[in-house]
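Participant: Mind having a look at this structure? Questions to follow.
Read-outs: derived from the displayed coordinates by stated rules, not from any lab. Computed from a predicted structure; not experimentally measured. Note that each Cβ is placed from the backbone with ideal geometry, even for glycine, and that neighbours are counted across all protein chains shown.
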Amino acid sequence: MSFLTPDQIEFFKDNGYLSIDRLVDPDEIAWMREAYDRIFSRRAGRDVGDQFDLAGTDEEGEEPKLPQILSPSKYAPELLAGRFRERVLQAAGALLGAEATLGGDHAILKPALTGAETPWHQDEAYWDPDFDYVSFSAWIPLQDVNVENGCMWFIPGSHRMEVVPHHSIGHDPRVHGLEAEGIDDTAAVACPIPAGGATFHLSRTLHYTGPNRSSVPRRAYIIGAGLPSTPRTDGRTFPWNDLKQTAREERSRRSNS
Ligand code: NI
């Protein structure tokens, strides 16, 4: 059984996203935030390319504008024991299908006052173009979020689009983060939610978060879920990923050699 109502499930199918006020219990948010701050402050995973600046060139000694950690549960394994995982799995069963399983996690920190915006993008634009996906990202803020500190924005119905052209932020191939081209965001909807709430969005749903103009860091923990991906045969390409030359990839290559 799912904790989501039929109306919420229908909203997700129509709009490609859903925002709820309660997914994770407050006691869990408290320890998750501790784990989160610990791995960011010790720069966990930086030397192997798992921690990097999503929105900047990520050079040594440069203050990151939008620090990200891939697979934070590798560095804070207690995340793998969180009760929130069962809740996300239940949501995936209701929103995607009974065979859905949990996927990987990542963490995006928007530092107080200086945290950069995350431009409009579709998550699928980062992935292997040879597959089709039925998956969502559950986006879990570890404090209240609003327009001032970088809550999620979505364009309703955009999940029905194909993947649109993207480029590295600022057209700089040294930057990992992608930006969708030619987006009309006049219909965009902001989703302010309390700590412990969550948003869910499909792999093609256009989404955005603004800069953090508040005096507290904006911490977001993200976990994916989906059905098995299926191969495409139409030769789709995502040239924006082939162009990338990031310091993160270089650190990852060095650590594997
Ligand atoms: Ni995204």
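Participant: Assuming R0 = 35 Å, can you tell me the calculated FRET efficiency for the pair Gln143 and Arg253, based on Cβ-Cβ distance, to the nearest 0.05? Walk me through the numbers before you get to the answer.
Facilitator: On the way: r = 35 Å, r/R0 = 1.01.
After rounding to 0.05, the efficiency reads 0.50.
Participant: When the Debye formula is applied to the Cα atoms of the range 63-175, each taken as the same point scatterer, what base-10 log of I(q)/I(0) results at q = 0.13 Å⁻¹?
Facilitator: -0.66
Participant: Determine the sum of side-chain charges near Gly196: Lys and Arg each +1, Asp and Glu each -1, restricted to other residues whose C-beta is under 13 angstrom from that of Gly196. Could the numbers behind the result be given before it?
Facilitator: Values: positive: Arg22, Arg33, Arg83, Arg87, Arg219; negative: Asp21, Asp25, Asp27, Glu28, Asp144.
Neighbourhood net charge equals 0.
Participant: Another question, if that's okay. Within 10 Å of each residue's Cβ, count the other Cβ atoms and sort Leu202, Leu54, Leu96 from fewest upward.
Facilitator: Numbers: Leu202 27, Leu54 22, Leu96 19.
Taking fewest neighbouring Cβ atoms as first place, the list is Leu96, Leu54, Leu202.
Participant: Could you work out the helix-only [θ] at 222 nm for the chain, with each DSSP H run of four or more residues adding -39,500 (n - 2.57) and the total divided by the number of residues, to the nearest 500 deg cm²/dmol?
Facilitator: Working: 6 runs with 56 residues, N = 257.
For the chain, the value works out to -6000 deg cm²/dmol.
Participant: Please report how many Lys pairs in the chain have alpha carbons closer than 29 angstrom, counting only residues at least 8 apart along the chain or sitting on separate chains.
Facilitator: Working: Lys65/Lys74; Lys65/Lys110; Lys65/Lys244; Lys74/Lys110; Lys74/Lys244; Lys110/Lys244.
Taking the chain as the scope, the lysine pair count is 6.
Participant: If we sort 240-246, 39-45 on the protection proxy, mean other Cβ atoms within 10 Å, highest first, what's the order? Intermediate results must be reported in sequence, preceding the final value.
Facilitator: Numbers: 240-246: 14.4, 39-45: 16.4.
Averaged packing, sorted descending, gives the order 39-45, 240-246.
Participant: Determine the dipole magnitude for the range 6-256: charges of +1 sit on the beta-carbon of Lys and Arg, -1 on that of Asp and Glu, nothing else is charged, the reference point is the Cα centre, and the result goes in debye to the nearest 20. Please list the in-between numbers first.
Facilitator: On the way: 26 positive and 39 negative charges, 105 e Å.
Result for the range 6-256 is approximately 500 debye, rounded to the nearest 20.
Participant: Test of understanding: what is the full-extension gain from Arg232 to Ala98, defined as 0.36 nm times their sequence separation minus their Cα-Cα distance? Kindly include the intermediate steps, with their values, before the conclusion.
Facilitator: Working: separation 134, 0.36 × 134 = 48.24 nm, distance 2.28 nm.
Contour length minus the Cα-Cα distance gives 46.0 nm.
Participant: Another one. For the pair Asp25 and Val189, how long in nm is the line joining their label points, each one 7 Å along Cα→Cβ?
Facilitator: Each label point is offset 7 Å from its Cα along the Cβ direction, giving 3.0 nm.
Participant: By average Cβ neighbour count within 10 Å, what is the ranking of 182-190, 228-236, 211-219, 24-32 from highest down? All intermediate terms of the calculation are to be shown ahead of the outcome.
Facilitator: On the way: 182-190: 11.9, 228-236: 9.8, 211-219: 18.6, 24-32: 15.9.
Most protected by this proxy first, the peptides run 211-219, 24-32, 182-190, 228-236.
Participant: Can you pull the one-decimal nm distance between simple spin-label points at Thr114 and Glu62, each 7 Å off the Cα toward Cβ?
Facilitator: Using points 7 Å along Cα→Cβ, the separation is 1.3 nm.
Participant: So how far apart, in nm, are the two label points at Val48 and Leu243 if each is 7 Å from Cα heading toward Cβ?
Facilitator: Each label point lies 7 Å from its Cα, and together they span 3.1 nm.
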